[in-house]
Amino acid sequence: MRAVEYTRHGEAAQVLALRERPHRPVPGVGEILVRVLVRPVHRGDLLAVESPPDPPGSPRPPAQPEQPVQPEQPGQPEQPQQPEQPEQRAEARIPGVEGMGVVESVGAGVHAPRPGQRVAFFPVRGTWSDFVVVPAALAVPVPDGVSDETASLMLVNPLTLRMLHRALEDALRGQRGTVVQTAAGSSVGRLISAAAVRHDLRLVNLVRGDSGAHRTRTLYPSQPVVVTRDDDWREQVRRHAGERGVRVVLDSVGGAMTQDLSALLAEGGTLISYGQLGSGTTPLEALPLIARALTVRGVSVLRWPGLAPEERARDVDFALDLARRTPELLEVAASYDLADFRAAVEHARRPAKSGTVLLTTARTAASEQGGAR
Ligand SMILES: NC(=O)c1ccc[n+]([C@@H]2O[C@H](COP(=O)([O-])OP(=O)(O)OC[C@H]3O[C@@H](n4cnc5c(N)ncnc54)[C@H](OP(=O)(O)O)[C@@H]3O)[C@@H](O)[C@H]2O)c1
């Protein structure tokens, strides 16, 4: 099976390589083996490849299963396990935490899903691979009528939206007020804009350039759009926010913008940080934080598995509903075969891109049985 791997951190295009692994993993008790058909290239996937290992205490998706393996050709007698190459023992890792595919086989104790069924999954480490072992409890059956592409995207970003929404409600504490979001043209940004329309929230959209501004104005004409390349963008935001100022900033840019964003907040306001698209750093000065009683809060979807089971079930229902009713909110920028991962990574970072880049594996006769596409 093919897998995109890395054995050291660094620029994704340089450290990632396509390798042929001789064996597929074998699902253990309560697990399923999935032939992955589509997986997204998320910014977080690239950050994980490029950043040094997480500091202690960081949330992590479950580890890749240790190698019980099965031969590549079903039906052949099991081959003896090959000793791993030294390079692989140096912890070859496979990027990706989300994807969809067709169940190939199930481990002991698994009654559902069944082989041949389409499933989406998150968080499962190593989805940039032709096969992945998934805990059955994390496999979400894909409804008929939802395309493979939509299914591959329906968990991470919608679940992030749910987590941001909860953080936002905590920050607003029932009061109305202006909310500002950065990178409004991003895939997550579009979900936030759509939710703001649904919840009648006063949202100001920040974008860095004209293409994002045009896209966002076209999709959400009722929401003000401010371009941060304009010298007076801070004044524009203040004008839109009015006397009561900005209550909450939802920020996925970070870096050098952090100081400006916190300066826009009204007394008691909250900066919710959930991404680092930008570069550079700025000190977050203690005195303004103290004097204006500001809150800074981080949100990561990798903490979603720690939520209560009922809350997670509601979130998955939300994601399924969104995928069925508004698949256009899960826009695909382009699809590339897994082997073309370098082109996909370059596209994922391309300015003025709209939507998410996908990596695909061709269907086989066996996976053709996997329901509606
Ligand atoms: N915390 C979490 O759990 C979580 C989960 C999902 C996503 N995220 C984060 O959410 C953010 C958006 O992800 P996505 O998948 O929605 O992104 P995306 O669809 O790839 O879109 C990226 C967007 O960011 C804009 N952008 C890129 N660099 C920028 C910069 N330096 N300053 C301002 N805007 C910039 C681009 O605008 P142009 O049109 O101007 O090029 C584009 O609209 C990322 O930071 C990602 O890591 C976090």
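The values are calculated or read from the model by the stated rules, or taken from the named source; none is laboratory data. A quick note: this is a predicted structure, and the numbers were derived from the prediction, not measured. Don't worry about glycine lacking a Cβ; one is built from the backbone with ideal geometry, like all the others, and counts go over all protein chains shown. Heavy atoms of the whole protein, side chains included, go into the accessibility calculation; ligands, DNA and RNA do not. Shrake-Rupley method; radii C 1.70, N 1.55, O 1.52, S 1.80 Å.
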Heavy atoms of E346 accessible to a 1.4 Å probe, total area in Å² rounded to 10: 90
Label-to-label distance, nm, for residues given as Q276 and A256 (7 Å Cα→Cβ offset): 1.6
Length-normalised contact order for the chain - Cα pairs under 8 Å, 6+ apart - percent: 19
Kirkwood-based Rg to Rh ratio, the range 164-302, C-alpha trace: 0.92
Helical contribution to [θ] at 222 nm, DSSP H n ≥ 4, -39,500 (n - 2.57), averaged over the chain, rounded to 500: -8000 deg cm²/dmol
P(r) of the chain over all Cα-Cα pairs, binned every 10 Å from zero, in whole percent: 5, 23, 32, 23, 12, 5, 1, 0
Surface share of carbon and sulfur [accessible, 1.4 angstrom probe, percent] for the chain: 52
Tilt relative to the chain, helix 156-172 - C-alpha long axis, 0 to 90 degrees, to 10: 30
Pairwise label distance in nanometres, L284 with D200, each label 7 Å out on the Cα-Cβ vector: 3.3
Residue-normalised accessible area of the range 107-265, given per residue in Å² at a 1.4 Å probe: 39
Residue order for R234, R324 - accessible surface, 1.4 angstrom probe, largest first: R324, R234
Principal-axis tilt of helix 187-198 within the chain, Cα atoms, nearest 10 degrees: 60
Peptides ranked, highest mean first, by Cβ atoms within 10 Å: ranges 303-312, 262-271: 262-271, 303-312
Solvent exposure, largest accessible area first (probe 1.4 Å, DNA, RNA and ligands not counted), of D144, D230: D144, D230
Spin-label model distance (nm) - R173 vs R363, 7 Å beyond Cα toward Cβ: 5.3
